[in-house]
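Okay, so here's the structure we're looking at.
Nothing in this text is a laboratory measurement; each read-out follows from the coordinates by a stated rule. Just so it is clear, the model here is predicted, and its values are computed rather than measured. Methodologically, a virtual Cβ is constructed for each residue, glycine included, from the backbone with ideal geometry; neighbour enumeration extends over all protein chains shown.
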Amino acid sequence: MKKLLTLLLSFISLISLQACMNKDFVVIVPAPEKIAIAPFNQPTTNGQLLAGYIPQNQNYIDEQTLEKYNKILQHKLSQTHRHYIFLSSNDLNITIKKDSKNRPNVLATWAYLAQKAGAEYIIVPQILDHQEKQGKDRDVTMPARLVTDYYLIKVIHPETKSTDGFLQARSHYKEKSFIQVNVSGEDYITPRQHKNIVEFVEESINKMIYEFHLTLN
């Protein structure tokens with residue numbers, strides 16, 4: 001995974017990818033379609049982003065924590081009753097692919113990974129900012145902080161019919177708060193600020209599932 005993310009640095013263009021977004025496009029994936037699920041990854045440079053920006057003083061997420069989040073993601077998606085193909089970090093150890101115009105292209109690379117797995121779509125989860133709650137019980141000194149993006153990419157572009165990929169939708173989640181001081185000069189900590197970061201990860205996944213209309217009735 002690190003190899004792929006490093007290769008993305010030189011080739012991704014934020015402006016061109018955002019131009020691929022069609023705001024009028026209805027985010028509904030037909031039930032028979034197969035959806036590849038990339039593992040959680042953490043961009044560390046702007047060149048690895050599909051959108052957004054890298055926060056200052058970004059905290060590194062260890063592989064064990066990412067794996068825990070991947071298991072949560074897999075469990076929640078399995079409850080939507082769709083056909084998913086879950087990729088591993090080893091699946092991401094490839095070189096950047098070129099698009100139909102022979103240009104190195106990160107979007108085409110994600111589309112390639114989906115197509116290689118036999119899927120028509122791929123969901124790419126990225127964590128931009130991540131900080132666990134500091135303190136225990138009621139002695140919270142810093143609330144948990146989380147910023148995530150989930151991207152729904154269609155392998156076949158609906159207009160050009162190429163396999164360059166189409167950035168169909170983005171689900172953005174942001175949880176950031178600061179401890180306030182009440183009129184008595186004491187810290188006022190809300191119930192939400194007592195939550196551990198894993199609860200916010202779960203919220204972000206639930207939000208993505210809802211916005212991408214993944215749950216089948």
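Show me 76-86, 200-210 ranked by packing, highest mean number of other Cβ atoms within 10 Å first. Intermediate values should be presented prior to the final figure.
Details: 76-86: 14.7, 200-210: 18.6.
Going from most to least packed, we get 200-210, 76-86.
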Label-point gap, in nm, between Tyr53 and Ile28 - each point 7 angstrom along Cα→Cβ
3.7
Derived scalar couplings ³J(HN,Hα) [segment 88-102; Karplus, 6.51 cos²θ - 1.76 cosθ + 1.60; whole Hz; x for Gly, Pro]
10, 4, 5, 5, 8, 7, 10, 7, 4, 9, 9, 8, 5, 9, 6
Extension gain, Lys116 back to Ser177 (0.36 nm per residue minus Cα-Cα distance, nm):
17.9 nm
How large is log10 of I(q)/I(0) for segment 64-217 at q = 0.11 Å⁻¹ when the intensity is taken from the Debye formula with one equal scatterer per alpha-carbon?
-0.55
Residues whose built amide H sits under 5 Å from the amide H of Gly135, excluding neighbours closer than 5 in sequence, are Thr141
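For segment 32-72, what does the alpha-carbon gyration tensor say about shape, rounded, prolate or oblate, given a ≥ b ≥ c as the root eigenvalues, a/c under 1.5 as rounded, and a/b over b/c as prolate?
Numbers: a/c = 3.52, a/b = 1.39, b/c = 2.54.
Oblate, since a/c reaches 1.5 and b/c is not below a/b.
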Karplus (6.51, -1.76, 1.60) ³J(HN,Hα), θ = phi - 60°, over segment 38-46, in Hz, Gly and Pro reported as x:
6, x, 4, 9, 10, x, 10, 9, 4
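With a cap of 16 neighbouring Cβ atoms within 10 Å, and only residues DSSP puts in a loop, list the trypsin sites (Lys or Arg not before Pro) found in segment 124-159. The partial results should precede the final answer.
Numbers: sites: Lys133, Lys136, Arg138, Arg145, Lys154; in loops: Lys133, Arg138.
Here the trypsin sites (Lys or Arg not before Pro) that fit, given the DSSP loop and packing criteria, are Arg138.
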